[in-house]
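Asker: Sharing a structure below in structure tokens format, with a few things to ask.
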Protein chains: 2
Amino acid sequence: MAGIKDVAAEARVSVATVSRVLNDHPSVSAEARARVLAAVEALGYRPNAVARSLRTDQTHTLGLVISDVMNPYFTELARSVEEEARALGYSVIIGNADERPELQDHHVRNLLDRRIDGLLVSPTDGGSPLMLDAARSGTPMVFVDRWIPGVDVPVVRADGRGAIRDLMAHLHGLGHRRLAIIAGPAATTTGSERVEAFRAALAEYGIPLPEAYTGQGDFQAESGRRVTEGFLDLAEPPEVVFAADNLMALGALDAIRARGMRVPDDIALAAFDDIPWFVHTDPPITAIAQPTGELGRAAVRALVDRIEGRPPQSVTLPARLVVRHSCGEPPASSEPSPVTNRSHS
Amino acid sequence: MAGIKDVAAEARVSVATVSRVLNDHPSVSAEARARVLAAVEALGYRPNAVARSLRTDQTHTLGLVISDVMNPYFTELARSVEEEARALGYSVIIGNADERPELQDHHVRNLLDRRIDGLLVSPTDGGSPLMLDAARSGTPMVFVDRWIPGVDVPVVRADGRGAIRDLMAHLHGLGHRRLAIIAGPAATTTGSERVEAFRAALAEYGIPLPEAYTGQGDFQAESGRRVTEGFLDLAEPPEVVFAADNLMALGALDAIRARGMRVPDDIALAAFDDIPWFVHTDPPITAIAQPTGELGRAAVRALVDRIEGRPPQSVTLPARLVVRHSCGEPPASSEPSPVTNRSHS
DNA sequence: CTGAAAGCGCTTACAG
DNA sequence: CTGAAAGCGCTTACAG
């Protein structure tokens with residue numbers, strides 16, 4: 001593979017001059033520039049990004065550590081992050097923690113070793129020593145979706161409280177009084193916040209959230225199945241199950257179906273996070289939709305601001321309720337297909 | 001951030017010795033090793049992977065360029081690739097081509113510039129000059145899922161012909177005779193092969209595949225919607241629509257639903273690629289399942305073999321038909337939930 | 001077993 | 001405008 005020396009030789013200039021034209025440095029004569037460009041073309045030369053990074057101490061790379069790539073919410077988040085990063089001249093390396101703290105640490109360490117310019121994290125837990133270290137050390141960092149309290153790092157996330165209150169109104173209007181939730185890990189902010197918001201919304205109607213109706217999941221489908229089975233085994237099962245993410249909703253559906261029960265006739269179901277398939281499930285599922293693409297883009301902008309010395313900004317965007325048929329009464333009007341709205345911007 | 005020199009100073013040895021203990025070189029005295037390890041610990045030293053890569057000409061990184069991360073099939077492929085790579089001591093950088101050749105080229109170029117040790121590609125098209133160059137140049141490369149004919153690169157993929165023949169038998173048995181397909185881009189192998197296999201399977205029953213029943217999609221949901229609308233507008237619409245991937249099936253479902261028609265009563269639907277949601281759609285969708293995890297792992301093994309100087313092997317694994325309700329008659333027995341089988345190995 | 005030194009491929013003050 | 005030289009943080013023959 002041709003190196004900068006080969007280009008210099010071919011163009012009959014020094015490597016310094018080659019480097020200058022490659023980096024658009026103004027003080028290069030037109031002739032020298034032309035010869036260098038011709039040589040680059042002739043040799044098919046491509047600068048070695050590794051060498052450049054070592055020298056400049058910049059990798060133009062962002063790290064993104066997400067909790068679970070297989071979760072469509074995070075897949076979409078990752079996609080929008082990559083898009084915005086590319087628009088701003090950065091690449092992104094994704095680390096999938098799979099909701100496992102050790103794996104999360106593995107990726108954080110790996111990314112730090114690679115000297116990424118900044119780190120975007122959606123923490124799987126309350127913060128390992130490594131994560132806290134990284135946050136406190138110099139590496140520019142931004143939390144997205146989930147965050148770690150008590151750490152001075154900007155946070156870009158959605159606020160689901162309003163949507164959960166709307167959901168509660170919807171459920172109450174349908175006559176439901178026994179409501180259960182499949183929660184995410186208490187060590188994650190989204191895990192605990194969604195339960196708290198749900199509990200608060202219930203309280204507005206004077207409805208308690210008993211221990212038995214609070215199932216502990218881990219944001220994975222299997223836990224949704226397990227918790228739902230527990231609910232169904234109760235002497236007085238809930239009338240509604242609210243899953244704190246879409247994968248646990250899938251698990252809940254599996255469990256309900258395995259018992260030969262029907263949604264919403266036998267039990268109602270709602271989910272946090274909306275995905276295209278919720279339109280076509282049997283029945284279509286009522287869900288809380290996050291502005292996922294916006295979150296990803298805002299997170300990248302905050303991180304790049306921080307990297308490039310501008311003051312980064314925390315952002316909170318509202319989530320919204322999308323009513324379908326899984327809790328009872330069908331919605332008034334049919335909704336447009338979500339699929340056709342997919343943007344490629 | 002502490003560098004190797006700081007460690008050397010702290011441990012009162014040379015940087016050479018520090019490097020040796022870091023790389024498990026045998027000829028280091030026990031005392032020196034202990035002092036170095038203590039210094040590393042004390043300073044929280046982490047080797048700079050960028051510098052190491054420049055020196056050793058190895059990044060221990062694999063590039064994976066996939067056609068579309070938002071497609072659950074590729075998400076799962078990416079996940080299994082990362083898992084196997086990690087097990088073998090490699091990281092992976094994912095580039096999402098979003099089914100766009102220019103974006104694919106962007107990622108290939110970026111990965112090559114970063115001097116990844118090897119490249120895994122599922123090509124979006126028939127092969128850009130850049131891609132062909134990369135394949136012919138020294139970079140170890142393996143195609144996964146889709147491939148480019150005429151290039152000497154190992155291929156790891158699934159063979160769907162048997163499953164498509166099984167699907168055809170199933171459809172024929174249900175009395176369907178007017179069968180249409182939503183194809184992927186003809187420039188991709190999976191785009192053309194699936195049509196050909198479908199046509200061949202139809203031929204065995206003496207059924208032709210007319211032009212009007214061959215819709216040109218691009219593996220994205222929106223194209224599935226568009227093509228399906230065309231089918232439904234026909235004077236004699238097909239009785240069955242076979243979507244060549246799961247996203248186009250989603251689009252087809254959107255289109256059918258928008259007309260107020262029902263599956264399978266008004267029209268039957270089947271898809272290539274199986275996903276967990278197909279169990280819960282209305283109705284559950286008959287699909288062809290690929291051994292996705294196995295493909296990802298086999299692809300990594302082939303690539304690492306190539307990188308480490310062993311002869312790499314092409315692999316072809318069979319896909320299989322999973323009958324559900326979307327083509328008519330329900331299956332004999334209910335299937336176990338696919339969700340609970342998710343492995344974390 | 002250990003260290004001094006060269007070198008990986010670049011960029012960038014510095015001097016001209 | 002241009003080039004010689006230093007240096008980014010490592011690894012690794014080479015000599016001892």
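Bear in mind that the values in this text are calculations on the coordinates, not laboratory data. All figures in this text were calculated on a predicted structure; none of them were measured in a lab. FYI the Cβ positions are ideal-geometry reconstructions off the backbone, even for glycines, and counts take in every protein chain you see.
Asker: Calculate the mean, over all residues of peptide A:108-114, of how many other protein chain Cβ atoms lie within 10 angstrom of the residue's Cβ.
Answerer: 4
Asker: Rank B:PRO264, A:ILE307, A:TYR213 by how far each Cα sits towards the positive end of the charge dipole of the protein assembly as shown (+1 on Lys, Arg Cβ; -1 on Asp, Glu Cβ) and give me just the farthest.
Answerer: A:ILE307
Asker: Moving to a separate point now. Take region B:1-143, drop everything but the C-alpha atoms, weight them equally and run the Debye formula without solvent; then report log10 I(q)/I(0) at 0.21, 0.22 Å⁻¹ to two decimals.
Answerer: Log-scaled intensity ratios, in q order: -1.14, -1.23.
Asker: Additional query: Fully extended, how many nm does the chain gain between A:SER14 and A:ALA87 (0.36 nm per residue separation, minus their Cα-Cα distance)?
Answerer: 23.0 nm
Asker: Would you be so kind as to identify which of A:PRO284, B:PRO72, B:ALA244 lies farthest towards the positive end of the dipole of the protein assembly as shown, taking Lys and Arg as +1 and Asp and Glu as -1 on Cβ and the Cα centre as origin?
Answerer: Selected residue: B:PRO72.
Asker: Taking R0 as 41 Å, what FRET efficiency do you get between A:MET261 and A:ALA187 from their Cβ-Cβ distance, rounded to the nearest 0.05?
Answerer: For A:MET261 and A:ALA187, the calculated efficiency is 0.80.
Asker: Roughly how many debye, to the nearest 20, is the charge dipole of the protein assembly as shown about its Cα centre, given +1 on each Lys and Arg Cβ, -1 on each Asp and Glu Cβ, and no other charges?
Answerer: Roughly 1920 debye for the protein assembly as shown.
Asker: Over all directions, how big on average is the projection of the convex hull of the alpha-carbon atoms in region A:154-294, in square nanometres?
Answerer: Mean shadow area of the hull around the Cα atoms is 8.4 nm².
Asker: Report Rg (one decimal) and Dmax (nearest whole number) for region B:4-47, counting Cα atoms only, units Å.
Answerer: 8.8, 24
Asker: Mean residue ellipticity at 222 nm from the helices of the protein assembly as shown, using -39,500 (n - 2.57) per DSSP H segment of n ≥ 4 over the full residue count, to the nearest 500 deg cm²/dmol?
Answerer: When only DSSP H runs of four or more count, the value is -13000 deg cm²/dmol.
Asker: Then there's this: Explain nothing, just the number: dipole magnitude of chain B about its Cα centre with +1 on each Lys and Arg Cβ and -1 on each Asp and Glu Cβ, in debye rounded to the nearest 20.
Answerer: Using Cβ point charges on Lys, Arg, Asp and Glu, chain B gives about 1180 debye.
Asker: Mind checking the mean number of beta-carbon atoms from other chains within 10 Å of the Cβ atoms in B:42-52?
Answerer: Averaged over the peptide's residues, the number is 4.
Asker: Can you give the Kirkwood hydrodynamic radius for the protein assembly as shown, in Å, rounded to one decimal and based on Cα pairs?
Answerer: About 27.2 Å for the protein assembly as shown.
Asker: Could you pull the copy-to-copy label distances for A:ALA187, with points set 7 Å along Cα to Cβ, in nm to one decimal and sorted shortest first?
Answerer: Spacings between copies for this position, smallest first, are 4.7 nm.
Asker: Considering only DSSP beta bridges where both residues belong to the protein assembly as shown, give the percentage that are antiparallel (nearest 5).
Answerer: That works out to approximately 10 percent antiparallel.
Asker: Another one. Can you tell me which of B:242-248, A:192-198, B:20-26 comes out highest on packing, and rank the rest after it, using the mean Cβ neighbours within 10 Å?
Answerer: Going from most to least packed, we get B:242-248, A:192-198, B:20-26.
Asker: Could you give the dipole magnitude of region A:126-225 about its Cα centre, charging the beta-carbon of Lys and Arg +1 and that of Asp and Glu -1, in debye to the nearest 20?
Answerer: Dipole magnitude for region A:126-225 comes out near 240 debye.
Asker: Would you please give the FRET efficiency between B:ARG320 and B:ASP133, computed as 1/(1 + (r/R0)^6) with r the Cβ-Cβ distance and R0 = 41 Å, to the nearest 0.05?
Answerer: Step by step, r from the Cβ atoms, then E = 0.65.
Asker: Right, here's the next one. Treating each Cα of region B:217-271 as an identical point scatterer and ignoring solvent, apply the Debye formula and state log10 I(q)/I(0) at q = 0.19, 0.25, 0.29 Å⁻¹.
Answerer: Summing over Cα pairs of region B:217-271 leads to -0.52, -0.91, -1.22.
Asker: Another question, then. Project the alpha carbons of region B:213-330 onto their principal axes and report the range along each, largest first, in whole Å.
Answerer: If we take the Cα atoms of region B:213-330, the spans are 58, 29, 19 Å.
Asker: Further, regarding this structure: If only Cα atoms are counted, what is the Rg of region A:64-143, and what is its Dmax, in Å?
Answerer: 11.9, 33
Asker: Percent antiparallel among DSSP beta bridges with both residues in chain B, to the nearest 5?
Answerer: Approximately 10 percent, going by the DSSP bridge assignments.
Asker: Let me ask something else about it. Pairing the Cα long axis of helix A:221-233 with the longest principal axis of chain A, what angle in degrees results, from 0 to 90 and rounded to the nearest 10?
Answerer: Around 10 degrees separate the two axes.
Asker: Just name one of B:VAL121, B:ILE148, B:ILE164: the one whose Cα is farthest towards the positive end of the charge dipole of region B:103-180 (beta-carbon charges, Lys/Arg +1, Asp/Glu -1).
Answerer: My answer, from the dipole projection, is B:ILE164.
Asker: Still on this structure: What is the average number of partner chain Cβ atoms found within 10 Å of a Cβ in A:185-197?
Answerer: The per-residue average across the peptide is 0.
Asker: Still on this structure: Gaussian network model of chain A, Cα springs within a sub-10 Å range: biggest mean-square fluctuation belongs to which of A:ALA134, A:ALA30, A:ALA186?
Answerer: A:ALA30
Asker: Amide H to amide H, which residues 5 or more places from A:VAL156 or on other chains are under 5 Å from it, using H placed in the peptide plane?
Answerer: Those lying under 5 Å, H to H, from A:VAL156 are A:PHE143, A:VAL144, A:ASP145, A:VAL315.
Asker: If we hang a label 7 Å off Cα along the beta carbon direction at B:GLU294, how far is it from the matching labels on the other copies, in nm, shortest first?
Answerer: Copy-to-copy label distances at B:GLU294, shortest first: 4.5 nm.
Asker: In square nanometres and to one decimal, what's the mean projected area of the convex hull around the Cα atoms of chain A?
Answerer: 21.1 nm²
Asker: A further question follows. Does anyone have the angle between helix B:189-204 and the longest principal axis of chain B? Alpha-carbon axes, 0 to 90°, nearest 10?
Answerer: 30 degrees
Asker: I need to check one value: relative contact order of chain B, counting alpha carbon pairs closer than 8 Å and at least 6 residues apart, in percent.
Answerer: 16 percent
Asker: Something else now. Sort shortest first the distances from B:ALA258 to its counterpart in every other copy, using label points 7 Å along the Cα-to-beta-carbon line, and give them in nm.
Answerer: Once sorted, the set of distances for B:ALA258 reads 3.8 nm.
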